[in-house]
1. For the subset of the range 96-123 comprising residues that are under 19 Å from Arg145 (Cβ atoms) and among the hydrophobic types (A, V, I, L, M, F, W, C), which member is nearest to the ligand (Cβ to nearest atom)?
2. Can Asp131 be described as modelled with pLDDT under 95, surrounded by 13 or more Cβ atoms within 10 Å (Cβ to Cβ) and away from the ligand (no atom under 11 Å from the Cβ)?
3. So if I check each of Ala63, Ala56, which one is within 11 Å of the ligand (Cβ to nearest atom), part of a strand (DSSP E or B) and farther than 24 Å from Ser183 by Cβ?
4. Say we look at the range 148-162 and pick out the residues that are open to solvent by less than 30 Å² (accessible area, probe 1.4 Å) and of a type outside the set (Asp, Glu); which of these is farthest from Val23 (Cα to Cα)?
5. Given His18, His87, which one is within 15 Å of the chain's Cα centre (by Cα), closer than 24 Å to Gly174 by Cβ and open to solvent by 30 Å² or more (accessible area, probe 1.4 Å)?
6. Is it fair to say Glu73 is open to solvent by 60 Å² or more (accessible area, probe 1.4 Å) and either under 15 Å from the mean Cα position of the chain (by Cα) or within 12 Å of the ligand (Cβ to nearest atom) (or both)?
7. Output the number of the condition that His147 fails; it satisfies all remaining conditions of (1) at pLDDT 95 or above; (2) in a loop (DSSP other than H, G, I, E, B); (3) not charged (D, E, K, R).
8. Working only within the range 166-190, note down all residues that are of a type in the set (Phe, Trp, Tyr) and part of a loop (DSSP other than H, G, I, E, B).
Amino acid sequence: MNKKSPRGIDDTQTLINHTLQRVIQEGDIVVDATAGRGKDTVFLAQCVGQAGKVYAFDIQEEAIRATKDLLQERGLFDRVLLLQKNHSEMGPLIPDQVKAIVFNLGYLPGSNKQIVTRAETTIEAVRQGLDRLTHRGILALTVYRGHEGGLDESQKLTNYLSLLPKKDFSVIQGIYLNQGEQSPFWIMIQKNREDNR
Ligand SMILES: C[S@@+](CC[C@H](N)C(=O)[O-])C[C@H]1O[C@@H](n2cnc3c(N)ncnc32)[C@H](O)[C@@H]1O
């Protein structure tokens, strides 16, 4: 019999997506802060179902176009609002109650490596996103450190997140202990605080 081999534990995206699938329900509003080529946007659009909405950001026209094409190909475009904007401006552009926010940091694969997420704008976007998360909502980040500026971004981001009050947020990091300081890692933040929005 041709048995499919199981996925290993070293697949960061699968780990994050399992959690998101548990948290996101049909009809929810979620955000993709770095649309790229649209893989995460498609996943989120499937999670929220027909009644839900995904707000997807990217600063690059190429990324917005690629994401739009992929969504149309999968018949999911009507669930997504694509915004060619810096995610550090997401605050006023997204609703108050968002169930999940996803960041896949770094540069667009196969494109200009100079157009990359940066500490200052990433932290500002995370700050605004956390403010809009629902109680028990999740903000998930995949962080890459191998490219120029990646290590700096990862350190400033983890410094910022380490200081979030634990009564308001649970911050969990998944990191390879045996793959060096340039290996990617994930962070998930759950909002514990109930806002009176
Ligand atoms: C690693 S890629 C994202 C991959 C994507 N999630 C996917 O599934 O294909 C990172 C993306 O972040 C975008 N980006 C970089 N800085 C940004 C910013 N300040 N605001 C919004 N998007 C940004 C880049 O243009 C790039 O497309």
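1. Leu108
2. For Asp131, the condition - modelled with pLDDT under 95, surrounded by 13 or more Cβ atoms within 10 Å (Cβ to Cβ) and away from the ligand (no atom under 11 Å from the Cβ) - is not met.
3. On inspection, the qualifying residue turns out to be Ala56.
4. Among residues in the range 148-162 that are open to solvent by less than 30 Å² (accessible area, probe 1.4 Å) and of a type outside the set (Asp, Glu), the one farthest from Val23 (Cα to Cα) is Gly150.
5. His18
6. It is false that Glu73 is open to solvent by 60 Å² or more (accessible area, probe 1.4 Å) and either under 15 Å from the mean Cα position of the chain (by Cα) or within 12 Å of the ligand (Cβ to nearest atom) (or both).
7. So His147 meets the others, but not (1).
8. Tyr176
The values are calculated or read from the model by the stated rules, or taken from the named source; none is laboratory data. In this text the structure is predicted, and so the values were computed from the model without any measurement. Counting neighbours? That spans all protein chains shown, and the Cβs are built from the backbone with ideal geometry, glycine included. Surface accessibility is based on the protein's heavy atoms, side chains included, excluding ligands, DNA and RNA. Shrake-Rupley method; radii C 1.70, N 1.55, O 1.52, S 1.80 Å.
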